[in-house]
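The values are calculated or read from the model by the stated rules, or taken from the named source; none is laboratory data. Nothing here was measured: the structure is a model prediction, and the numbers come from that model. Ideal geometry is used to build each Cβ from the backbone, glycine not excepted, and the neighbour counts take in all protein chains shown.
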Amino acid sequence: MSMKGQETRGFQSEVKQLLQLMIHSLYSNKEIFLRELISNASDAADKLRFRALSDAALYENNGELHVRISTDKEARTLTISDNGIGMTRDEVIDNLGTIAKSGTKSFLESIGQDQAKDSQLIGQFGVGFYSAFIVADKVTVRTRAAGESADKGVFWESEGEGDYSVADIEKADRGTEITLHLREGEDEYLDDWRLRSIISKYSDHISLPVEIETKNEEDGTVTWEKINKAQALWTRNKAEVSDEEYKEFYKHISHDFADPLSWAHNRVEGKQEYTSLLYVPSKAPWDLWNREQRHGLKLYVQRVFIMDEAEQFMPNYLRFIRGLVDSNDLPLNVSREILQDSSVTRNLRSALTKRALQMLQKLAENKPEEYQAFWKEFGLVLKEGPAEDSSNIETIAKLLRFASTHNDSDAQTVSLEDYVNRMVEGQEKIYYITADSYAAAKNSPHLELFRKKGIEVLLLSDRIDEWMMNYLTEFDGKSFQSVSKADESLDKLADEEKQAEQEETDKQLAPFVERIKTLLGDKVKDVKLTHRLTDTPAIVTTSADEMTTQMAKLFAAAGQAVPEVKYNFELNPNHPLVKQTAELTDEALFADWVNLLLDQALFAERGSLEDPNQFIRLVNQLLVQKA
Ligand code: ADP
């Protein structure tokens, strides 16, 4: 039988992949398909209400929105039917045949069949409509967009393999009706009680009434019974909402399968009137680093859904926060453009940013282990905070976590408060080092003096760290100091009791220092002796006014012109290699040794050398001479 305008089309390859992965990974959590489909119906109702604000005719004299669930035990079908916005033929093809999110292909490829068993991975992607195929081997959709005539109905059907068919049909009622032809063994979804329990578990918090069909056995009449509370969760009193309900609501708005780590629900009255419900997810979404991906809160105005992903209400460094804001002060016809430069938006953004930071602070104080889990997922994003939001920098700084010489592992667990509490007597600054890796930071010769003195150093090795430290200048009245930069406070820390002895050595070795200066010329900025080292013969440092090595690397990696970094060459007069070099009278040999020491120091600092072959030749040559 062929229908009017019928055609068969292939699914986009991403859809095929998703269907495959989903069926293999969600077998232990099948019932969620109903949550996903009810969630879509609720979104469709939200969209209709929003469009009807400017065109009430779209209601077609029926403004009572609902989603209805019915079964046909003989045909073994389950039907979910809404009177929301509906879809046109083009929309059906776009929405139910493709996945528009950018980056989907590589994400799905990266999961692979084995990992697909981990339902969290696929869950965080948001399987939506396609989840119907977990329990159905055929899905039929009949839909008609609001505002279109009855003959503009669209039929869609697929067995969830490679293709689907679409056709034109008559559909008198606006909205979408989805019929699931249940797979063998999935008869539980025909059972009235089973359906009721799933629906109340997943749908109490949405404002759309979810109704289930009851047939009168005697006269065959059908009545619809509302079985959820059908009150938008955020409009309810905090005290009356259970944790379970908050968690379910999170899954509804975020399309995440995992529970959130934390949430904050607030109603504010007075000059500004709004309700906000913010969530911290427990897992980073798959597209957290995709800059094109929208993020932000759901915006409601006076309980009416206005838009998804209103990014104006959260700064970028909090882009992982999910949730909604319901404002009484914005106009119902607000657009993204109007939001952009409205003072109401600005005030809301500032208040919601504070709220989100507060929520993180509470998590850090009350549930440090969960905060640690949060930091692992989102720490890198939060590190953008000091640069982006100077007005909250104190609070952001308290939320940062670092690896440090105080611990043996690379885990970022040390807060600045911890650090300050452990500062030793006479220590004025917060010391840190930036490097390419944790190992490079931890083993840096710059740390020798600090080890000896028992002074903690923060070990920074994320790419963003160097950049962040440019904005983080002070915490609790103490300034930050990179240990690879020359600094007076470092010299002060060197053993004071041995000062006389040191001065004596310095005086004796002054000609040696001069001899190196003459030899190296403007290859270096300065040559000095240092008493900060124990096991290392020499290091290089940058002056306070110079770019650090890490910063220069970041610039170079970004393709920017980098001014050449001129280093101070600092030698440890107590190291045997340095002592030995100072004794050399043969000028050529002296030059070899000095260059070797300098190359070593540069190598340790930068992790690379301009001319590694030259360095290796020098080492080998000197080894042969020794042997
Ligand atoms: P998501 O909801 O995450 O966008 P889905 O795969 O669940 O992904 O749905 C894809 C799109 O299909 C939705 O964005 C929506 O535009 C449309 N859609 C799904 N269900 C309905 C429905 N019941 N009524 C109207 N449109 C729908």
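Structure values in brief
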read-out	value
Residue under evaluation Asp94, criteria (1) closer than 24 Å to Arg9 by Cβ; (2) modelled with pLDDT of 95 or more, criterion not met	(2)
Subset of the range 46-72 [more than 16 Å from the ligand (Cβ to nearest atom) and in contact with a Lys or Arg (Cβ under 9 Å, 6 or more places away or on another chain)]	Gly63
Filter result for Ile32 (modelled with pLDDT of 95 or more, surrounded by 19 or more Cβ atoms within 10 Å (Cβ to Cβ) and not polar (S, T, N, Q))	no
Subset tally (residues that are more than 19 Å from Leu65 (Cβ to Cβ) and assigned to a strand (DSSP E or B)) for the range 156-212	14
The listed residue being part of a loop (DSSP other than H, G, I, E, B) and either buried (at least 19 other Cβ atoms within 10 Å of the Cβ) or of a type in the set (A, V, I, L, M) (or both), out of Leu332, Leu352, Leu447	Leu332
Filter pass, Ser39 being surrounded by 19 or more Cβ atoms within 10 Å (Cβ to Cβ), away from the ligand (no atom under 14 Å from the Cβ) and not basic (Lys, Arg)	no
Out of Ile227, Ile178, sole residue that is surrounded by 19 or more Cβ atoms within 10 Å (Cβ to Cβ) and of a type in the set (A, V, I, L, M, F, W, C)	Ile178
The range 63-97: number of residues that are among the charged types (D, E, K, R) and part of a helix (DSSP H, G or I)	4
Residue pairs meeting the criteria (Cβ under 8 Å; at least 6 apart or on separate chains; first within 14 Å of Gly153 (Cβ to Cβ) and within 13 Å of the ligand (Cβ to nearest atom), in the range 87-108; second among the acidic types (Asp, Glu) and part of a loop (DSSP other than H, G, I, E, B))	Thr88/Glu148
Any chance Glu273 is charged (D, E, K, R), touching a Ser or Thr at 6+ places or on another chain (Cβ under 6 Å) and in contact (Cβ under 8 Å) with a residue 40 or more places away in the chain	no
Matching residues in the range 76-99 - criterion: being of a type in the set (Ser, Thr, Tyr) and touching a Leu at 6+ places or on another chain (Cβ under 9 Å)	Thr77, Thr79
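Residue-wise test of (1) farther than 30 Å from Ala356 by Cβ; (2) under 28 Å from the mean Cα position of the chain (by Cα); (3) at pLDDT below 90.
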| site | (1), (2), (3) |
| --- | --- |
| Ser200 | yes, no, yes |
| Asp204 | no, no, yes |
| Lys229 | no, no, yes |
| Asn237 | no, no, no |
| Glu240 | no, no, no |
| Leu261 | no, yes, no |
| Glu269 | no, no, no |
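Rundown of residues vs (1) more than 16 Å from the ligand (Cβ to nearest atom); (2) in contact with a Ser or Thr (Cβ under 9 Å, 6 or more places away or on another chain), yes/no style:
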{"site": "Asp173", "(1), (2)": "no, yes"}
{"site": "Leu180", "(1), (2)": "no, yes"}
{"site": "Arg183", "(1), (2)": "yes, no"}
{"site": "Arg196", "(1), (2)": "yes, no"}
{"site": "Ser203", "(1), (2)": "no, yes"}
{"site": "Ile206", "(1), (2)": "no, yes"}
{"site": "Pro209", "(1), (2)": "no, no"}
{"site": "Glu213", "(1), (2)": "yes, yes"}
{"site": "Gly220", "(1), (2)": "yes, no"}
